[in-house]
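> Let me give you the structure first, and then I'll get to my questions.
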Amino acid sequence: MFNNGLKKEALSSLKKEKGLYDEQLTTTVNTLEEFHNSKLKIKDKVKKFHDEIERIGGKPDNIEIELQQIETELNKFDDELKRLESEVDNQNFGTLAGAGVAAGAGIAAFGPAAAMAIATTFGTASTGTAIATLSGAAATNAALAWLGGGAIAAGGGGIAGGGALLAATGPLGWAVGGTALAIGGFMANSKNKEIARKATEQIEKLKEEKNKLKELTTTVELHCKELEKQEGVFSYIVDNFDLGKKSHWTELTESEMKDIGSAANIASVMAKMLNKKVA
């Protein structure tokens, strides 16, 4: 058949690029989950420090202020986690809206844990936080409505508004759909040369989206490294002092006072970083 070889080569390249996109999507989601888990670990460590110092009486005003700031940020982070966990519990992750194609590697990357990681890193559309950098990522019906489309109650399109659009067309609809690429109808009604041209166009779109995900991954990695850097210094300080049964500031040694001051400052910085969204 005329141009049959051209079509096969283009579709083979498209399938290959789709695989590379899926790999990058999985890497990005894994990076987000690692960042989220790091935040949870640091939150617990900062909370433990806060509670330990809070019981000490007669603290200087600057220490009291640091502790208040830490408590405020931790409560803010905890409140967001509780709200998001409640929303995730009410979602049906794992199915597609409007996509009559088999799920591929891209969609498998998304689930409750990934949704939590994305929401705590970028925010959700329901809160007014844009997630433009993830607009091209594959998502389940629930994740799309929750993270991208916005809750219906908040004026967003919800699952029906966003899911069908994502799954209907474009490289990301295909990324959701798996290796079938959701182009069966087009292939059945188009000439080989036109199919090859369309496939080549979509290869470029997939490359563009893949590069966006790479940039996103790099940005998140930088935030994660900065948080872990702070945590390393913090741990070095708090892991090397033991207040025992001391209950008043005057009972502490000068070295302990200095360490608490330094640790409180770092803890305050980390607590704020827990709530900072990646732009």
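The values are calculated or read from the model by the stated rules, or taken from the named source; none is laboratory data. Just so you know, these numbers come straight off a predicted model, no measurement behind them. Every residue, glycine among them, receives a Cβ derived from its backbone with ideal geometry; neighbour counts consider all protein chains shown. For the accessible areas, the whole protein counts, side chains as well, though only heavy atoms, and no ligand, DNA or RNA atoms are used. Shrake-Rupley method; radii C 1.70, N 1.55, O 1.52, S 1.80 Å.
> Compute the FRET efficiency between THR218 and LEU243 as 1/(1 + (r/R0)^6), taking r as their Cβ-Cβ distance and R0 = 41 Å, and round to the nearest 0.05. Before the final figure, lay out the partial values.
Values: r = 41 Å, r/R0 = 0.99.
E(calc), rounded to 0.05, equals 0.50.
> Between ALA279 and GLU9, how high is the FRET efficiency from 1/(1 + (r/R0)^6) when r is the Cβ-Cβ distance and R₀ = 35 Å? Nearest 0.05.
With R0 = 35 Å, the Cβ-Cβ based efficiency is 0.30.
> Then there's this: Order THR200, THR217 by their accessible area, 1.4 angstrom probe, all chains in place, largest first.
So, going from the largest accessible area down, we get THR200, THR217.
> On a straight-distance basis, which lysines could pair with LYS193 in a cross-link, Cα separation under 23 angstrom, same-chain partners fewer than 8 positions away excluded?
LYS7, LYS8, LYS15, LYS16, LYS18, LYS205, LYS207
> Can you give me the accessible area per residue for segment 227-279, using a 1.4 Å probe, in Å²?
Ligands and nucleic acids excluded, the figure is 56 Å² per residue.
> Using a cut-off of 11 Å between beta-carbons, work out the net charge of the residues near LEU206 (Lys and Arg +1, Asp and Glu -1, LEU206 not included).
Here the count lands on +1.
> How compact and how long is segment 186-279, expressed as Rg and Dmax of its alpha-carbon atoms in Å?
In order Rg, Dmax, the Cα atoms of segment 186-279 give 26.6, 85 Å.
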